[in-house]
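Let me begin by presenting the structure, written as structure tokens, before commenting on it.
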Amino acid sequence: MEPEPGNPQEVEGVLNPGVARGPDGHLYLFPRLVAKCNYSRIGIARVKFNQDGDPCGVERLGIALEPEADYERTSHGGGGCEDPRITFVEPLKCYVMTYAALSSLGPRIAFAVSKDLFHWKRLGLATFAPYNGIDFVHVDNKDASLFPVAIPSHCGKMQMALLHRPLFPGTRPEETACHEGPRYVDLDHESIWISYCPMPGKACEPEPLGLFNSHRRLAAPVAPWARLKIGAGTPPVLTRHGWMIIYHGVGDMAGSGNDAHHLCYSAGVMVLSEKHPREVLYRSAEPILTPTLPQERIGTIGNVVFPTGIDRRDDLGTADRFDVYYGMADNRIGVARLELPDSLPSGGVTALPQGKV
């Protein structure tokens, strides 16, 4: 998907989509549509497939969410609904969208729900209890997605679980790139977190979700290709190896020094334990997707692949095939095929860093 010529809603790009199979079996794409001054809406489109079953284009169907709530608008008339991830939450029997709501305070995680993918009701912003003095509320937060079922917290309670990546001051890749060579990672402030709240008792009700009051560090920068920052990407999907997510990592371009314009966003695989998803079983030591195509290297922000949507191809009878939808250079949307191996490769990373990266 590329910006539609002459469409003012897409003049600055289409990118970072959520995807979901509708009740009708069709695959729907929810792209971030960027108008002038970085004003973002979340669109809806139906994915088209060719005779081989590969995605080949989209049919635009309108807007899913437009900035309307106070927490989606800035004081000068701007704002945004950005970077959605969509999960069908089985206990609620409805779709839940997590997205970044951009206000004058900065990006915050927001929720919306739908039974049919066409009509969405806002649930408001995510709320967090502090953890060991860490304040999740008054910092930027993005890259959020939900598990489709209740999972056990580290206290053993079956709860709703959210992956997210708070952006504490000093943890943006433009800031961490200032450190030449190896550096120590601040685990509390540079990690993907998993947080838990009670599973709502009613299905698809337009009421705020509960307080996320239980937290666990999940993963921090380890590998050189992601040494500057990592963030959650696609919503978790259950495979025979465990819960799989495709996440993004940020590193330096070779020979680029510390110039922030030469950052590189790549994608890796993370597999979490099925029974205890707070435990990482595997992380790819090398990226599985890097910016190599012209559409990935040249755009609003160059050298970016940013995975946000995943579709298991059960419709083709190939449960080991996944189509991964991702932003290309913050301007277009691409899709890549991932084949699940029979066993997890050797040489993966599972532990948090203990020293320099």
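The values are calculated or read from the model by the stated rules, or taken from the named source; none is laboratory data. Source: prediction; values computed, not measured. Ideal geometry is used to build each Cβ from the backbone, glycine not excepted, and the neighbour counts take in all protein chains shown.
I'm checking my understanding of the structure. Among residues of segment 188-204 that are part of a loop (DSSP other than H, G, I, E, B) and surrounded by 14 or more Cβ atoms within 10 Å (Cβ to Cβ), which one is nearest to the chain's Cα centre (by Cα)?
Ser191
Test Thr308 against the criterion of being at pLDDT 95 or above, over 30 Å from Gly22 (Cβ atoms) and among the polar types (S, T, N, Q), and give yes or no.
no
Report, ordered by the first and then the second residue, all pairs with beta carbons closer than 9 Å, sequence separation of six or more or different chains, a first member in segment 138-154 that is on the phi > 0 side of the Ramachandran plot, and a second member that is part of a loop (DSSP other than H, G, I, E, B) and among the hydrophobic types (A, V, I, L, M, F, W, C).
Pairs found: Asp143/Ala232.
Restrict the check to segment 80-100 and report whether at least one residue is in a strand (DSSP E or B), in contact (Cβ under 8 Å) with a residue 60 or more places away in the chain and of a type in the set (Asp, Glu).
yes
Mind listing just one residue for me: the one in segment 314-337 that is touching a strand residue (DSSP E or B) at 6+ places or on another chain (Cβ under 9 Å) and surrounded by fewer than 18 Cβ atoms within 10 Å (Cβ to Cβ) and, of those, modelled with the lowest pLDDT?
If we take residues in segment 314-337 being touching a strand residue (DSSP E or B) at 6+ places or on another chain (Cβ under 9 Å) and surrounded by fewer than 18 Cβ atoms within 10 Å (Cβ to Cβ), then Ala319 is modelled with the lowest pLDDT.
If you take the residues of segment 291-309 that are of a type in the set (Val, Ile, Thr) and farther than 17 Å from Glu82 by Cα, which of them is surrounded by the fewest Cβ atoms within 10 Å (Cβ to Cβ)?
Here the answer is Thr292.
Identify, from the list Arg172, Arg165, the residue that is basic (Lys, Arg), touching a residue at least 40 places away in the same chain (Cβ under 8 Å) and surrounded by 17 or more Cβ atoms within 10 Å (Cβ to Cβ).
The match here is Arg165.
Tell me whether segment 73-82 contains one or more residues that are surrounded by 16 or more Cβ atoms within 10 Å (Cβ to Cβ) and among the charged types (D, E, K, R).
yes
Residue-by-condition table, conditions (1) of a type in the set (D, E, K, R); (2) closer than 24 Å to Pro130 by Cβ:
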residue: Ala161; (1), (2): no, yes
residue: His164; (1), (2): no, yes
residue: Pro182; (1), (2): no, no
residue: Glu190; (1), (2): yes, yes
residue: Pro198; (1), (2): no, yes
residue: Pro208; (1), (2): no, yes
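Tell me which of these Arg122 doesn't satisfy, since it passes every other one: (1) over 21 Å from Leu352 (Cβ atoms); (2) charged (D, E, K, R); (3) assigned to a loop (DSSP other than H, G, I, E, B).
Going through (1) over 21 Å from Leu352 (Cβ atoms); (2) charged (D, E, K, R); (3) assigned to a loop (DSSP other than H, G, I, E, B) one by one, Arg122 breaks only (3).
When segment 138-157 is examined, which residues are found to be in contact with a Pro (Cβ under 9 Å, 6 or more places away or on another chain) and either exposed (fewer than 15 other Cβ atoms within 10 Å of the Cβ) or assigned to a strand (DSSP E or B) (or both)?
Within segment 138-157, Asp140, Asn141, Lys142, Ser145, Leu146, Ile151, Pro152, Lys157 meet the criteria.
Among the residues of segment 34-56 satisfying the criterion of being in contact with a Phe, Trp or Tyr (Cβ under 9 Å, 6 or more places away or on another chain) and touching a residue at least 12 places away in the same chain (Cβ under 8 Å), which is surrounded by the fewest Cβ atoms within 10 Å (Cβ to Cβ)?
Arg46
Output the residues belonging to segment 158-183 that are of a type in the set (Ser, Thr, Tyr) and either assigned to a loop (DSSP other than H, G, I, E, B) or in contact with a Lys or Arg (Cβ under 6 Å, 6 or more places away or on another chain) (or both).
Thr171 - this is the single residue of segment 158-183 that is of a type in the set (Ser, Thr, Tyr) and either assigned to a loop (DSSP other than H, G, I, E, B) or in contact with a Lys or Arg (Cβ under 6 Å, 6 or more places away or on another chain) (or both).
For segment 69-77, indicate whether the set of residues that are within 16 Å of the chain's Cα centre (by Cα) and of a type in the set (Phe, Trp, Tyr) is non-empty.
So far as segment 69-77 goes, no, none of its residues is within 16 Å of the chain's Cα centre (by Cα) and of a type in the set (Phe, Trp, Tyr).
Count, please, the residues in segment 229-245 that happen to be closer than 21 Å to Asp83 by Cα and either in a strand (DSSP E or B) or at pLDDT below 95 (or both).
Matching residues across segment 229-245 total 6.
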